[in-house]
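K.L.:
This is the structure, below, for whatever I ask next.
The values are calculated or read from the model by the stated rules, or taken from the named source; none is laboratory data. The model shown is predicted, which means the values in this text are computed figures rather than measured ones. Cβ placement follows ideal geometry from the backbone for every residue including glycine, while neighbour counts extend to all protein chains displayed.
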Amino acid sequence: MSLGGSDRRIGGPRFLARNSRGPQNRWSVLPAETMKTTRQSTDVVPASRPHPDFQGRTKIRNVKGSKTMPNDKALREHVLSLLKGGNAHADFDTVFKDFPVKLRGKRPTGAEHSPWEVLEHLRIAQWDILEFSRDPKHKSPDFPSGYWPRTPAPPEESAWDKSIESFRSDLEAMCKLVSDESTDLFARIPHGDGQTVLREALLAADHNAYHLGEAVLLRRILGAWK
């Protein structure tokens, strides 16, 4: 696993590419027939949608007459398990538990990011995916600068704890969205380009898993992993 990087392949080349049809970036879904040319001609990036200037929240509900899978409950349980982690890799709480304060802003030799930068990137990206999934007026941060903190170290010690709690809160919200039976996992998100709540949840789980592995590696190199 590479340390750092600019995350230009979040979600994988089969799923994402910069959307050039408008000023706002998206976690865009590409038709299968465009995949070959896109890999060569377009940067694959996590484009999404940003800061809410919006008071309420929109819940994606079943469309009347829509079909439901007979194993819908099992699918939701599997997705929730992926989001919470702990099956094939350490979960979020385990990775960041008792992280030494003096190491939070350290960039090991050869690493592009510090533990603080990885933590904040996890928080921001997950928040972005969650808000896109439920808020039609959500606007994403600028890519890539808006998905990373400005400094390698937290501006103050409390910022670390605040980021941890925000990540947990957004993860819980995503889990509630998935577990809510009124949420149609397969319906296209009205303000998207073909994305579904199922796809966004899997994207969040995939992205989290990648950077949790990066955080574990950073802890090992810094001598803070048991």
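K.L.:
Looking only at segment 188-226, which residues are under 21 Å from Trp127 (Cα atoms) and hydrophobic (A, V, I, L, M, F, W, C)?
P.N.:
If the condition is that a residue be under 21 Å from Trp127 (Cα atoms) and hydrophobic (A, V, I, L, M, F, W, C), then Ile189, Val197, Leu198, Ala201, Leu202, Leu203, Ala204, Ala205, Ala209, Leu212, Ala215 are the ones that fit.
K.L.:
For residues in segment 135-162 being surrounded by fewer than 20 Cβ atoms within 10 Å (Cβ to Cβ) and not in a loop (DSSP other than H, G, I, E, B), which is modelled with the lowest pLDDT?
P.N.:
Here the answer is Glu157.
K.L.:
Exactly one of (1) in a loop (DSSP other than H, G, I, E, B); (2) modelled with pLDDT of 95 or more is unmet by Lys226. Its number?
P.N.:
(2)
K.L.:
Take Leu177 and decide whether it is closer than 21 Å to Asp72 by Cβ, touching a helix residue (DSSP H, G or I) at 6+ places or on another chain (Cβ under 7 Å) and in a helix (DSSP H, G or I).
P.N.:
So Leu177 fits the description; yes.
K.L.:
State yes or no: is Ser166 under 14 Å from Ala125 (Cβ atoms), surrounded by fewer than 20 Cβ atoms within 10 Å (Cβ to Cβ) and in contact with a helix residue (DSSP H, G or I) (Cβ under 7 Å, 6 or more places away or on another chain)?
P.N.:
yes
K.L.:
Next up: Answer yes or no as to whether Pro190 is over 25 Å from Gly86 (Cβ atoms) and surrounded by 15 or more Cβ atoms within 10 Å (Cβ to Cβ).
P.N.:
Considered against the rule, which asks whether it is over 25 Å from Gly86 (Cβ atoms) and surrounded by 15 or more Cβ atoms within 10 Å (Cβ to Cβ), Pro190 comes out as no.
K.L.:
If you check every pair at least six apart or on different chains, which have Cβ atoms under 7 Å apart with a residue in segment 195-224 that is without any contact (Cβ under 8 Å) to a residue 24 or more places away in the chain first and a residue that is not in a helix (DSSP H, G or I) and not aromatic (Phe, Trp, Tyr) second?
P.N.:
Thr196/Leu185; Thr196/Ala187; Thr196/Arg188; Thr196/Ile189
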